[in-house]
């Protein structure tokens, strides 16, 4: 992301904090208002401030993505560490589960879960978690197998360190940096899954200003007020691009596996 783009984002967020804007407040007399000092990006079909909804949506969309990624990273790393260090049946079971789940899109899982338990934020997170841990498990398994062959692990075994201590105190710290870089690279995928499920009505529900919800609400006014679609779509692409670029830089700095 260029410096000019970052400056625009910072100014928009600052304006949303400084101005008394409410992303949920409706004013039907002020529908589809043009940008002004009162509403820097105008209003939507219910007279709600678009800038305020975009900023509120960032906290929700990016926040849910961060939570989902953190849980996926922890679960996947634990599974990969176990399978990579223990080997045998445990490794086989984890790897077979990973092979199956990697091939299933989160949206498909979301459709199944929504059919059983109904749409909502819980459905959204569960759909992402069911499939999202598997790439981290695969990477953690590979890193653990690689680290097991290093001399420092052999030295730890020689002085009587147990497998849990070796895995947690020695193997995990050396595998952590590639896993963090991978989490950044997975950010776009998780963000798009969350926005896509909400767009389909399976995740966050209106009137909550989540970016996918904003896209779903704005699409029916695409020709009357295209900014209602273009702005949340741009926010999704910008956030995904920014974190992906960060992940690539971390991957180059820390090494790729």
#### Entry: More than 25 Å apart - percent of Cα-Cα pairs taken over the chain
53 percent
### Query
Using alpha carbons only, how many degrees (0 to 90, rounded to 10) separate the axis of helix 106-117 from the longest principal axis of the chain?
80 degrees
#### Entry: Area projected by the alpha carbon convex hull of segment 189-257, averaged over all directions, nm²
5.5 nm²
### Task
Return a whole-number percent for the relative contact order of the chain, with Cα pairs under 8 Å and 6 or more residues apart as the contact set.
21 percent
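Bear in mind that the values in this text are calculations on the coordinates, not laboratory data. Just so you know, these numbers come straight off a predicted model, no measurement behind them.
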